[in-house]
Amino acid sequence: MPSLTLLLLCADALAQGYSTDIELVRPTFSPGAVAGFDTPSFGRPGTVRVGTMLQYERDPLILYQLDREAGSVVANRFMAHLGVSVDLTKRLSARFVLPIAGQWGSEVERLAADQGGIGDATLGARVRLFDLGPVSTAARADIYLPFGTKSAYLGETGLRGMGGLVAQAQFGPLALLADAGVLGRAVVPTDQDFSLGSELVLSGGVRVDIWPDNVAVGAGVLSRTGFTNFWGPGAESPTELVAGIQLRPMTDWRLDVGFGRGLAAGYGTTQFRVYTGLTWQRTPPLPQSLTPEPLAKVLITEAPDLPVDPVEVVVIEKPVWKEDELARVEESQIVIRDPIQFELATARILPESIPTLVAISKLLAEHPEIGHLVIEGHASEEGSFSYNYDLSIRRSLAIFQELVLAGTYPARLSCRGMGEVEPVMLGSAETQLATNRRVIFHIVRRLKAGEQPPAQRAEMLLPWNGDPKTFVPPPPMPLPEPTPPPKATPKQQEDYPTDPNLFREREDDDEEEDAPR
């Protein structure tokens, strides 16, 4: 096993009250982030995330003298990060993180800092830059405010700043993460060959959605190196592996659990660490779907001295919905009163939209003539082209599953995604983008009167998980009504009267004409 943490510092310097922030793994409270990583993902403007990350760290700081371990300076550390982030616009996000720690069990008494305290708070921001295919990018900037506890390896005496870039490449359920930046600080010299100064921070990781929007696993390597001993061996180049799992027990909550282990010597790397985090997210509701305003009046400017024919003004009224009506059949579609709402950037249907899907399933049961319904998902232009296409497919599939669970036979349904290629409105305003994020229910086949629907099984297994499901067979289609005979024209009535007495008179007249004379 490699040495896990290396600190080549003069004992006297430390005894005099050496102050440095040794924490290597910090939460960012960004969507989909592995512990210690930032991402270029953003939520809907106004999205707020509040959370905490708890860590236990073993031996994050060890004293070496003459290449021999002299003992753990910080043997045990419990760290709690409290944070909040707000997506101010679709391209700007801000955050604030405050660390609190407790340390005990130091093996170097003269350097011990077995105490509790707070660390340097972080005030940061992210700015979304550009998307290129499946790759999304953002710039990040963080300021470390120096009001943490001094002489305890928790806070520093000067202001620090960090700027960098984050990127994410999305390939279906697989996401590749990269985080690079420069941490700027004043140089803190020591009597040995180690000094704190500005550092290059490089991290890379991967996240895989095992069960989309419910379970994901991730892993990454966090590293940093000082410019005075660039990637050289020793305390200035810590590297650690972190890995964990993300769970969504409820729509608005995310649970993170994982561990870390040092890969190369350096200050802040651990013999091992375990962490857990809990984040609550509040997403503002989607605006109501925008329907074209009625053409209440057409204004016509008349040319002078030219007669103008009167123009009939057509007034298009908005459809009126009954109080308890959530869906209805209109021509070749099932239209819904309220848009289907999803959790931000996921295919998880929010609870307030479930009654609408139940209403659609009920409509299908009441209308056996609807032979087949296509669920079509659309996305706005935010994000990469491939990401929007994949998201629209996953959302239409989620609705397919919900309709089947509500009792609709699977063979009557299919789903497809259209991504961002058919926008309803052009523009980058949130109202326009929200209008383009929609689901359409196309009726692609209608049964004729007397045509019976395909046979369906009363019991079958759900296609996606094999659970048993009972389906109620549709009612039989009504027989076609007999076609009434066509009415006779006046000429036909004259030539072929229907009054039997008239027929007799005509026959008598014919017999008289045929009699011999």
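Among the residues of region 126-142, just one is surrounded by 16 or more Cβ atoms within 10 Å (Cβ to Cβ) and without any contact (Cβ under 8 Å) to a residue 60 or more places away in the chain, namely ASP142. Of LEU66, LEU24, LEU88, all but one fail to be surrounded by fewer than 16 Cβ atoms within 10 Å (Cβ to Cβ) and modelled with pLDDT of 90 or more; the exception is LEU88.
For region 397-445, a residue qualifies if it is without any contact (Cβ under 8 Å) to a residue 60 or more places away in the chain, farther than 30 Å from HIS367 by Cα and of a type in the set (Val, Ile, Thr), and exactly one does: VAL421.
For beta carbons closer than 9 Å, sequence separation of 6+ or different chains, a first residue in region 464-479 that is surrounded by 10 or more Cβ atoms within 10 Å (Cβ to Cβ) and a second that is of a type in the set (Asp, Glu) and outside any strand (DSSP E or B), the qualifying pairs are PRO475/GLU366; MET477/GLU369; MET477/GLU451.
Here is a yes/no grid of residues against (1) surrounded by fewer than 20 Cβ atoms within 10 Å (Cβ to Cβ); (2) acidic (Asp, Glu); (3) farther than 30 Å from TRP280 by Cα:
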residue: PHE230; (1), (2), (3): yes, no, yes
residue: ALA235; (1), (2), (3): no, no, yes
residue: PRO238; (1), (2), (3): no, no, yes
residue: ALA243; (1), (2), (3): yes, no, no
residue: ASP252; (1), (2), (3): yes, yes, no
residue: VAL257; (1), (2), (3): yes, no, no
residue: GLY260; (1), (2), (3): no, no, no
residue: LEU263; (1), (2), (3): yes, no, yes
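Yes or no, residue by residue, for (1) surrounded by fewer than 17 Cβ atoms within 10 Å (Cβ to Cβ); (2) modelled with pLDDT of 55 or more:
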position	(1), (2)
GLN281	no, yes
LYS297	yes, no
GLU302	yes, no
LEU306	yes, no
SER332	yes, yes
VAL335	yes, yes
PRO339	no, yes
PHE342	no, yes
ALA347	no, yes
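Considering LEU391, LEU363, the condition of being surrounded by fewer than 20 Cβ atoms within 10 Å (Cβ to Cβ), hydrophobic (A, V, I, L, M, F, W, C) and either free of Cβ contacts under 8 Å to residues at least 60 places away in the same chain or outside any loop (DSSP other than H, G, I, E, B) (or both) is satisfied by LEU363 alone. Taking the criterion of being among the aliphatic types (A, V, I, L, M) and touching a helix residue (DSSP H, G or I) at 6+ places or on another chain (Cβ under 7 Å), the residues of region 398-425 that qualify are ILE399, LEU403, VAL404, ALA406, LEU413, MET418, VAL424, MET425.
Candidates LEU405, LEU426: the one that is modelled with pLDDT under 85 and either within 32 Å of the chain's Cα centre (by Cα) or outside the structural domain of ILE349 (by TED's automatic domain parsing) (or both) is LEU426. Collect the residues in region 394-408 that are surrounded by fewer than 18 Cβ atoms within 10 Å (Cβ to Cβ) and either touching a strand residue (DSSP E or B) at 6+ places or on another chain (Cβ under 8 Å) or in a helix (DSSP H, G or I) (or both), keeping them in residue-number order. Listed by number, the list holds a single entry, LEU405. Condition first: surrounded by fewer than 19 Cβ atoms within 10 Å (Cβ to Cβ) and of a type in the set (D, E, K, R). Now tell me which residues in region 99-125 satisfy that. Selection gives GLU107, GLU109, ARG110, ASP114. Taken over region 32-45, the criterion of being surrounded by fewer than 22 Cβ atoms within 10 Å (Cβ to Cβ) and within 13 Å of the chain's Cα centre (by Cα) is satisfied by GLY32, ARG44. Taking the stated definitions as given, is LEU183 free of Cβ contacts under 8 Å to residues at least 60 places away in the same chain, in contact with a Lys or Arg (Cβ under 8 Å, 6 or more places away or on another chain) and crowded, with 17+ Cβ neighbours inside 10 Å? Yes; evaluated as a whole, the condition is true for this residue. The criterion of at least 2 residues that are within 32 Å of the chain's Cα centre (by Cα) and either within 22 Å of GLU430 (Cα to Cα) or not charged (D, E, K, R) (or both) is met, among strands (runs of 3 or more DSSP E) falling completely within region 82-154, by 92-104, 121-132, 135-145. Screening the candidates SER72, SER41, SER30, SER19 for the property of being within 22 Å of ARG110 (Cβ to Cβ) and either in a loop (DSSP other than H, G, I, E, B) or in contact with a helix residue (DSSP H, G or I) (Cβ under 7 Å, 6 or more places away or on another chain) (or both) yields one hit, SER19. Given the structure, is GLU451 closer than 30 Å to LEU479 by Cα, charged (D, E, K, R) and assigned to a loop (DSSP other than H, G, I, E, B)? Yes: the conditions hold for GLU451. Is one or more of the residues making up region 409-416 at negative phi, out of contact with any strand residue (DSSP E or B) (no Cβ under 9 Å at 6 or more places or on another chain), assigned to a loop (DSSP other than H, G, I, E, B) and not assigned by TED's automatic domain parsing to the domain that holds PRO173? No, because not a single residue in region 409-416 is at negative phi, out of contact with any strand residue (DSSP E or B) (no Cβ under 9 Å at 6 or more places or on another chain), assigned to a loop (DSSP other than H, G, I, E, B) and not assigned by TED's automatic domain parsing to the domain that holds PRO173.
The values are calculated or read from the model by the stated rules, or taken from the named source; none is laboratory data. Because the structure is predicted, anything quoted here is derived from the model rather than measured. All Cβ positions, even for glycine, are placed from backbone atoms using ideal geometry, and neighbour counts span all protein chains on display.
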